Amino acid sequence: MDKLTFPQFPAVELVNFFRQKVLTGAEAKNFTKNDIYPNPKPEWVQRLFMRVLQRVFNIGVDQFYMVPVGLDIQYPHLMEGFAPVAHLVKLMPRFLPMCLIHDFHPSDVLYPKGKRTLYLLSGIVNFLHFRDTRKMVYTEFCFSYKSALENINQQQKTISELGAKIEKLTTVPPEQQAEFKALSSDIHDLQQSISQEYRAKDLVLEEKISHQKTELAEKMKKMNQCKLAIATMKEEQEHMKSQIVESPEQRKNKTERMKENVHRLKQARQETSEKCDHYRERVTVACQWQSDVQAYNKKLHSIEANLEINRKILEETRQIEEQIVNKNLELKSMVNEETQLRRTIQIKKEKLAKMDIKHQKKQEDFEQRKSEILETCSHIQEKRQAVHGRVSHVLQEIQQTTSKKELLLETAEEEKKKYQDVITGFRNALEKYHDSLQKASDRSTERRREKVAELNRRLSRR
């Protein structure tokens, strides 16, 4: 009791627990602290043990009062009151090891003591608390397992529905397959023809535009150079005017040259403007074709949008497949946990089977001992009958000889003491039966003494 694996509760807490959780009705109202401590009452201790066994092993009240029919008992009415105690002595060694108590003795039920009773009840209360918590955990696990199964069924249904939708979206109906193939082939051909035509036209236009840009750049460079030359010439002319007096002929020649240069520049400018008009016409033609190109581009964009939708659907299917894989892994883990729990349950069942075998062996040993005790009791009964015969013979001999009376009485008393010692050895197993034998022996001795007294009286009268 010094090395406990569970807390030892005070008597008040034990009384409150048994009133609230174990006892019911009048038993809970009448149960008090004085019934278990400091001087426990055997009937209350036996009643508490009986109620706990009924709750743990699901045993009916009538089973505690049933006497085994297979036993050959001479006085079965004497065993009726002892049957509940015998059942308690039989079941408590099976129950208390679950409460981590391995030193049960029948005297804990027959002659309970205060501290020992508190120790036993504390272990039982600790086991009942542990049992309730484990039952709650097991019920929660059952509910979670059921919800997980429901979620798995729902996920499987959604997966099947999504698979049907994916098949419906990806598969083309047979009425539209020919049209779909024709449209896809036409779109492909149009894309190729449009791409080829416009690539060639774009390349030609790009080459011409780049060529014209280079020509314009060169001409602009030349114009800038001419402007610079004119500006420098004007500056030189003004500078030369201040220094040199020019002749009218030279001035005319210079003006004519300048006019020729201006005429050339005007012609070049006119040519560039004509080329710009030509390019503008080309651009207007390109704008007219632009509507068709935009229509084809819209078709291409719609095709790309459909491809994007298909890609999203494939992505969703991939995600759903990943979810399916994760759910399958969770299902496997749940199955593994279930197998582990089944293994633990199987191990506990094997342990219970071993305990039942041990209990059966103990029961067989108990039955064997009981049969031996009954045989010894029958021998004792035979000896008692022989003693009664001897006493009757002695009483007959007393009429003849008074001297042998005292010796025979002393021998009878010695034999009586021997038999009483033998009977006290079996008092723990068959106490009530022994009490009945004791009473019968006392009655027989009293009768015998009365007969001896009567014989003495008769002898004295004679």
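FYI, it's all coordinate maths here, none of it is from the lab. Note that the coordinates shown come from a computational prediction; the quantities given were computed from them, not determined experimentally. Quick reminder, even Gly has a Cβ in these numbers, built from the backbone with ideal geometry, and neighbours come from all protein chains shown.
General observations
- Listed pairs 29/135; 221/259; 417/451; 90/354 exceeding 26 Å between Cα atoms: 29/135
- In this calculation the C-beta distance from residue 396 to residue 376 is compared with R0 = 41 Å, giving a FRET efficiency of 0.85.
- Computed FRET value (nearest 0.05) for residue 234 with residue 268, which takes r as the C-beta separation and R₀ as 30 Å: 0.90
- Cross-link table 383/418; 21/348; 208/266; 113/362; 41/439; 146/351, entries beyond 18 Å C-alpha to C-alpha: 21/348; 208/266; 113/362; 41/439; 146/351
- For residue 319 and residue 176, the FRET efficiency from 1/(1 + (r/R0)^6), where r spans their Cβ atoms and R0 equals 25 Å, is about 0.30.
- Between residue 41 and residue 343, the simple spin-label model (points 7 angstrom out along Cα→Cβ) gives 5.2 nm.
- Pairwise label distance in nanometres, residue 145 with residue 421, each label 7 Å out on the Cα-Cβ vector: 6.3
- Under 15 Å from residue 222, Cα to Cα: aspartates and glutamates that are on another chain or at least 8 residues apart: 271
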